[in-house]
Amino acid sequence: PMSASEESRRSLLNLFSPPDDRRRGVFGLVCGLSAEEQFMDSALERFTGFGRTSRKHTANFSLTLCRDMHTQPRWLAPGLYEPFPADQMPETIKLLHAKVALLGFGLSAAGEPDYYRLIVSTGNWNKEAVNHTINLVWFCDYAVKSTENQRQNAADILEAVNFWRQLLGVDNNKTGYYQLDDPARERIGHFLEALTANIPAPKNTEPRFISNLLDG
């Protein structure tokens with residue numbers, strides 16, 4: 001875990017924490033060029049509310065991490081699922097440079113999310129991005145039961161869902177850029193389907209989230 005001084009700052013790492021004391025992290029998707037085990041372990045602790053030792057005793061994973069195909073080594077962090085790149089990675093994909101996280105929070109970690117957060121960062125998922133370099137972090141939230149105008153955030157998050165569906169190929173067993181085992185494919189697919197069911201698609205609202213992966 002990060003030090004007390006690091007925890008006192010509002011940073012990229014802090015955005016993995018639930019929005020309030022009632023909610024817990026249910027499930028999330030993370031991708032980036034690179035990541036460090038220490039950062040992801042701290043992110044998981046904030047997201048789930050449990051330390052590394054406690055997470056070792058749970059069978060389910062809470063976060064899925066997709067790193068660039070050239071990144072090594074991989075590690076087995078409790079609560080983290082990390083798929084390998086597909087055998088036939090398209091020639092046009094040289095680097096997975098996007099740093100994106102799509103998180104779902106709910107009143108129970110075993111329940112369904114009722115609060116979603118989209119994070120886009122210029123820094124990678126590591127300690128350097130938090131403490132030693134200048135990076136920009138943009139995020140937007142969507143509360144399912146809120147009566148406020150959330151059209152713009154809805155458009156952004158739904159566009160990010162399209163990015164994740166193409167990246168992972170979770171629709172109708174399409175080929176994605178990563179190899180997913182069946183339990184992971186089912187869980188990720190359910191998460192994205194529930195999100196789109198919970199967030200109505202707004203009309204006449206252009207998303208701020210863009211991806212050149214969707215041009216392929």
Q: Filter the GluC sites (Glu not before Pro) in the range 119-216 to those in DSSP coil with at most 16 other Cβ atoms within 10 Å of their Cβ, and list the result.
A: Glu148
Q: Could you point to the residue in Ala110, Gln166, Thr196 farthest towards the positive end of the chain's charge dipole, with +1 and -1 charges on the Cβ of Lys/Arg and Asp/Glu respectively?
A: Ala110
(Q) Counting C-alpha atoms alone, how compact is the chain: give Rg to one decimal and Dmax as a whole number, in angstrom. (A) 16.4, 47
Q. Once both labels are modelled 7 Å past Cα along the beta-carbon direction, what's the Asn131-Asp181 spacing in nm?
A. 3.4 nm
Q | Shape call, the range 153-216: gyration tensor on alpha carbons, a/c limit 1.5 | A | oblate
Q: Please work out the average accessible area per residue across the chain, using the 1.4 Å probe convention, and give it in Å².
A: 52 Å²
Q. What lysines sit close enough to Lys127 to cross-link, taking a C-alpha to C-alpha distance under 27 Å and skipping anything fewer than 8 places away on the same chain?
A. Lys56, Lys94, Lys99
Q: Report the extension gain between Lys56 and Thr205 in nm, rounded to one decimal, defined as 0.36 nm multiplied by the number of residues separating them, less their alpha carbon distance.
A: 49.4 nm
Q: Could you tell me what percent of the accessible area of the chain is made up of carbon and sulfur, with a 1.4 Å probe and every protein chain present?
A: 50 percent
Q: Name the cysteines of the chain that stand alone by the Cβ rule: no other cysteine Cβ under 4.7 angstrom.
A: Cys140
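The values are calculated or read from the model by the stated rules, or taken from the named source; none is laboratory data. Predicted model only: the values in this text are computed from it and were never measured. For neighbour counting, all protein chains shown are included, and Cβ atoms are generated from backbone atoms with ideal geometry for every residue, glycine included. The area values use the complete protein model at the heavy-atom level, side chains included, leaving out ligands, DNA and RNA. Shrake-Rupley method; radii C 1.70, N 1.55, O 1.52, S 1.80 Å.
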